[in-house]
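*Asks:* Below you'll find the structure I mean.
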Amino acid sequence: MIDKMKSLLTTLALIAFLQVSAHEYRDLLQKTATVQELKTLLLPVSQWNKIPAYNNRAAWDQLTGKYKAQLIAAGEKQLSYEWKVVKATDYLEYEWTGSRVAMEKPFTSNVNALSALILAELSEGKGRFMNQIVNGVWQACEMSSWVLSAHMAAQKSTRSLPDFTEQIIDLTAGDLGSFFSWTYFLLKEEMDKKNPIIAKKLRKNLQDRILDPYMARDDYWWQAVNAKPTTMVNNWNPWCNFNVLTCFLLLESDKDKQAAAVYKSMASVDKFINYNHADGACEEGPSYWGHAAGKMYDYLQLLSNATGSKVSIFNQPIIKNMGEYIARSYVGDGWVVNFADASAKGGGNPGLIYRYGKAVGSSDMQHFAAYLATQIKEPEISEGRDLFRSFENLSNANDLALVAPSVVEAKYSWYPQTQFCYMNNGAGLFFAAKAGYNAESHNHNDVGTFSLYVDKLPMIIDVGVGTYTRQTFSSERYTIWTMQSNYHNLPMINGKPQSFGGQYRAKNVQFDSIKNTFSLDMATAYHKDVLVEKWLRNYQLSATKGLTITDQFQLQKADAPNQLNFMTWGMPDISQPGEVLIEKNGKKLALVYDKNQFQPSVDMVAQTDPRLSAVWGKEVYRLSLTAKQIVGTGKYVINISKR
């Protein structure tokens, strides 16, 4: 089992440092201020913090407004909450079975209860929730670590049980650092009324778990301190750095130490911005946008607040592009363009998207946020353990309510560096495809795949990913069917799928906005043993003819039949040679192929994983067109049209 954990750690390191396109060394944040300048630019917390003091009841009534009763009611449900113990075996379950749930379920339950109690107490201000709050704070401080079992492999021991001699910062340790910094800042005096040792213990925990290790260590992979052009820097970077920044701004009174920490975080977040392409697309997909670009926005907003807008890069085009990606990736009716581990359902956080849009001057984002808000029947203002976003939601709720709702309906969106392409034919078909490479963040082997929507409903689909387990982020990742190219809308060439690695990428990627075509050569996404010289795939979207897919190929040697795969959640009807009919929720597609070239077949894939079944139901289907002849060169043409 120890070997498995070491394998996981090695794989995590590989994921973090695999080959990607070279970074553009913009270093935008570091160009705004030096460490020395930060010492004067960073304002005292009393000058930048807009959250009222606990005893300013009039200000809290104004801030919570119509949400006050909702927040108090949520806290009242936790007045009798029994705090759960996260047992040693809950952590070890991750090593034994790969399950994260055993540890995460009680841990998350405790944090959610405490968040509801704190927001209720801040809203009401009568002390009614304080006993339970100090119980929750005390329980958390008694834990050896706030890190998830799934992330413990970053410890020197590589085991899933916390090592009390080492503190590491992961997503949840950082989240709780930020969460408890606000708790200490706003409720210290109320905790002191119970017993001063409670707040004192909490403050020491924050020092030991967040402030000291962040400054002492440069080896957390997400810090990307020594990032090279081949280093992946994903959502962990802005997410963790935002949490650390919150802690230092709220807790650190020494100006020299605070400035040094803030600058260190700026240099780290620059690595994330450098890694992202100028086109602004999120290679992790829309459901990760809130943790990637969205957390970067939180970081930038907090930094701007704390410096009186003196340290701000909201005017930079890449920052705006990274924001607008979320609005342009929305198809409609709750469906989004999803690649990699992203879900096909979602849209985003209305409050976050509105605030980001306001900061960068994007009307598209603000109107889109207003639209998303109209789709939520009973909006919740709380963001759980993310108190910053909860407070920001409250502060901006009235402004958001005044914005007219609308969605972006562009003829096309083209992301030339990330190589994402969306096209809308204006007659009910929306097309999305990607080129890229097979070592992107949350990667699937999916170079050249596409999705097709009919009247906003996905019909040719990207399935997404199931519930995360140990296998998901280990050397076993590509044994999971959802990660494999043969369960994407791609060819099996010579009977073989694509391979994982940064060297497996598309070439000759082109988009023509006049002809409405997107094309690439995907041969280089396959291992050399596949013996493919070229596989040119061209997608053309027409208002009258629908989507035409043309594959032109040349193999070094033909060993096995080629197979074209298409994933659907409507059962394909292959009874008519040369035509496949697909129907779902009243929407229909016809896929036309050469019956002399292909033999169709359908595999049903049962969806027992709740993360997938919540989107697609009990089953999805793989339509396979298997070539009747084994040939070394040729051309396939597939037409897909709305019926």
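*Asks:* What tally of residues in segment 474-491 results from selecting those that are among the small types (Gly, Ala, Ser) and either at pLDDT below 95 or surrounded by fewer than 22 Cβ atoms within 10 Å (Cβ to Cβ) (or both)?
*Replies:* 2
*Asks:* For segment 292-320: of the residues being more than 21 Å from residue 351 (Cβ to Cβ) and of a type in the set (S, T, N, Q), which is least open to solvent (accessible area, probe 1.4 Å)?
*Replies:* Here the residue is 307.
*Asks:* Identify, please: which residue in segment 293-326 is in a loop (DSSP other than H, G, I, E, B) and of a type in the set (A, V, I, L, M, F, W, C) and is, among those, farthest from the chain's Cα centre (by Cα)?
*Replies:* Checked segment 293-326; the qualifying residue farthest from the chain's Cα centre (by Cα) is 311.
*Asks:* Of all helices (runs of 4 or more DSSP H) completely enclosed by segment 83-163, which ones contain at least 1 residues that are within 26 Å of the chain's Cα centre (by Cα)?
*Replies:* Qualifying helices (runs of 4 or more DSSP H): 88-97, 101-124.
*Asks:* Is there a residue being touching a residue at least 24 places away in the same chain (Cβ under 8 Å), within 25 Å of residue 467 (Cβ to Cβ) and out of contact with any His (no Cβ under 8 Å at 6 or more places or on another chain) anywhere in segment 312-328?
*Replies:* yes
*Asks:* Here's something else I'd like to know. State all residues of segment 240-254 that are more than 17 Å from residue 304 (Cα to Cα), open to solvent by 10 Å² or more (accessible area, probe 1.4 Å) and part of a helix (DSSP H, G or I); if no residue qualifies, say none.
*Replies:* 251, the sole residue that qualifies.
*Asks:* Next up: Does segment 186-216 hold any residues that are more than 30 Å from residue 56 (Cβ to Cβ), of a type outside the set (A, V, I, L, M, F, W, C) and loosely packed, with under 14 Cβ neighbours inside 10 Å, and which are they?
*Replies:* 208, 212, listed by residue number.
*Asks:* List every residue pair whose Cβ atoms lie under 8 Å apart, where the two residues are 6 or more positions apart in sequence or sit on different chains, the first residue falls within segment 403-425 and is open to solvent by less than 40 Å² (accessible area, probe 1.4 Å), and the second residue, located anywhere, is modelled with pLDDT under 95 and acidic (Asp, Glu).
*Replies:* The qualifying pairs are 418/283.
*Asks:* Here is a follow-up. Give the residues of segment 615-630 that are more than 23 Å from residue 591 (Cα to Cα) and in contact (Cβ under 8 Å) with a residue 40 or more places away in the chain, sorted by residue number.
*Replies:* 615
*Asks:* What is the number of the single condition among (1) out of contact with any strand residue (DSSP E or B) (no Cβ under 9 Å at 6 or more places or on another chain); (2) open to solvent by less than 30 Å² (accessible area, probe 1.4 Å) that residue 494 does not meet?
*Replies:* All conditions are met except number (1).
*Asks:* Against the definition (within 21 Å of residue 385 (Cβ to Cβ), under 9 Å from the mean Cα position of the chain (by Cα) and not hydrophobic (A, V, I, L, M, F, W, C)), how does residue 290 come out, yes or no?
*Replies:* yes
*Asks:* Assess whether residue 230 counts as being open to solvent by less than 40 Å² (accessible area, probe 1.4 Å) and either polar (S, T, N, Q) or outside any helix (DSSP H, G or I) (or both).
*Replies:* Against the criterion (open to solvent by less than 40 Å² (accessible area, probe 1.4 Å) and either polar (S, T, N, Q) or outside any helix (DSSP H, G or I) (or both)), residue 230 does not qualify.
*Asks:* Condition test on residue 222, is it more than 23 Å from residue 113 (Cα to Cα), in a helix (DSSP H, G or I) and in contact with a helix residue (DSSP H, G or I) (Cβ under 7 Å, 6 or more places away or on another chain)?
*Replies:* yes
*Asks:* With the structure loaded, tell me whether residue 456 is in contact (Cβ under 8 Å) with a residue 40 or more places away in the chain, closer than 18 Å to residue 568 by Cβ and basic (Lys, Arg) or whether it fails that test.
*Replies:* It is true that residue 456 is in contact (Cβ under 8 Å) with a residue 40 or more places away in the chain, closer than 18 Å to residue 568 by Cβ and basic (Lys, Arg).
*Asks:* Pull up segment 255-286, narrow it to residues that are open to solvent by 10 Å² or more (accessible area, probe 1.4 Å) and among the aromatic types (Phe, Trp, Tyr), then point me to the one that is nearest to residue 30 (Cα to Cα).
*Replies:* Among residues in segment 255-286 that are open to solvent by 10 Å² or more (accessible area, probe 1.4 Å) and among the aromatic types (Phe, Trp, Tyr), the one nearest to residue 30 (Cα to Cα) is 263.
*Asks:* Please state which one of 428, 448, 436, 464 is open to solvent by 10 Å² or more (accessible area, probe 1.4 Å) and small (Gly, Ala, Ser).
*Replies:* 428
*Asks:* List, please: which pairs have Cβ atoms under 7 Å, are six or more places apart or on different chains, and start with a residue in segment 116-131 that is under 16 Å from residue 194 (Cβ atoms) and end with one that is among the small types (Gly, Ala, Ser) and surrounded by 17 or more Cβ atoms within 10 Å (Cβ to Cβ)?
*Replies:* Close Cβ pairs satisfying both conditions: 117/75; 117/136; 121/75; 129/75; 129/120.
*Asks:* Another question about this same structure. Of all the residues that make up segment 503-534, how many are touching a Gly at 6+ places or on another chain (Cβ under 8 Å) and closer than 28 Å to residue 579 by Cα?
*Replies:* 2
*Asks:* Note down all Cβ pairs under 8 Å where the first residue falls in segment 159-185 and is open to solvent by 10 Å² or more (accessible area, probe 1.4 Å), the second is basic (Lys, Arg), and they're at least six residues apart or on different chains.
*Replies:* Partner pairs satisfying both residue conditions: 163/156; 166/156; 167/209; 175/385; 184/203.
*Asks:* Right, another one. Only one of 204, 193, 188, 200 is assigned to a helix (DSSP H, G or I), free of Cβ contacts under 8 Å to residues at least 24 places away in the same chain and farther than 26 Å from residue 87 by Cα. Can you tell me which?
*Replies:* Selected residue: 188, the only one of 204, 193, 188, 200 that is assigned to a helix (DSSP H, G or I), free of Cβ contacts under 8 Å to residues at least 24 places away in the same chain and farther than 26 Å from residue 87 by Cα.
*Asks:* Does any residue in segment 368-390 that is hydroxyl-bearing (Ser, Thr, Tyr) come within less than 6 Å, Cβ to Cβ, of a residue that is in a helix (DSSP H, G or I) six or more places away or on a different chain, and which pairs are these?
*Replies:* 382/119; 382/390
*Asks:* Exactly one condition in (1) among the aliphatic types (A, V, I, L, M); (2) in a helix (DSSP H, G or I); (3) under 14 Å from residue 247 (Cβ atoms) is false for residue 169; which is it?
*Replies:* (2)
*Asks:* Are there any pairs, at least 6 apart or on different chains, whose C-beta atoms fall under 7 Å, with the first in segment 352-363 and closer than 14 Å to residue 315 by Cβ and touching a residue at least 24 places away in the same chain (Cβ under 8 Å) and the second open to solvent by 20 Å² or more (accessible area, probe 1.4 Å) and among the basic types (Lys, Arg), and if so, which?
*Replies:* 360/320; 362/320
*Asks:* Taking the conditions exactly as written (open to solvent by 10 Å² or more (accessible area, probe 1.4 Å) and either touching a residue at least 60 places away in the same chain (Cβ under 8 Å) or over 24 Å from residue 261 (Cα atoms) (or both)), does residue 337 satisfy them or not?
*Replies:* no
*Asks:* What number of residues within segment 460-511 are part of a loop (DSSP other than H, G, I, E, B) and not hydrophobic (A, V, I, L, M, F, W, C)?
*Replies:* Number of matching residues: 17.
*Asks:* Additional query: What number of residues within segment 557-595 are touching a residue at least 24 places away in the same chain (Cβ under 8 Å) and either small (Gly, Ala, Ser) or under 22 Å from residue 497 (Cα atoms) (or both)?
*Replies:* Within segment 557-595, residues that are touching a residue at least 24 places away in the same chain (Cβ under 8 Å) and either small (Gly, Ala, Ser) or under 22 Å from residue 497 (Cα atoms) (or both) number 16.
*Asks:* Still on this structure: Out of the residues in segment 610-632 that are over 26 Å from residue 454 (Cα atoms) and out of contact with any Leu (no Cβ under 7 Å at 6 or more places or on another chain), which is most open to solvent (accessible area, probe 1.4 Å)?
*Replies:* The qualifying residue most open to solvent (accessible area, probe 1.4 Å) is 629.
*Asks:* In addition: Considering only segment 499-542, state which residues are within 14 Å of residue 639 (Cβ to Cβ) and surrounded by fewer than 20 Cβ atoms within 10 Å (Cβ to Cβ).
*Replies:* 538, 540, 542
*Asks:* Within segment 6-60, track down each residue that is at pLDDT below 95 and part of a helix (DSSP H, G or I).
*Replies:* Those that are at pLDDT below 95 and part of a helix (DSSP H, G or I): 6, 7, 8, 9, 10, 11, 12, 13, 14, 15, 16.
The values are calculated or read from the model by the stated rules, or taken from the named source; none is laboratory data. Note that the coordinates shown come from a computational prediction; the quantities given were computed from them, not determined experimentally. Positions of Cβ are generated from backbone atoms using ideal geometry, with glycine treated the same way; all protein chains shown enter the neighbour counts. Areas reflect the complete protein model, heavy atoms only, side chains present, ligands, DNA and RNA absent. Shrake-Rupley method; radii C 1.70, N 1.55, O 1.52, S 1.80 Å.
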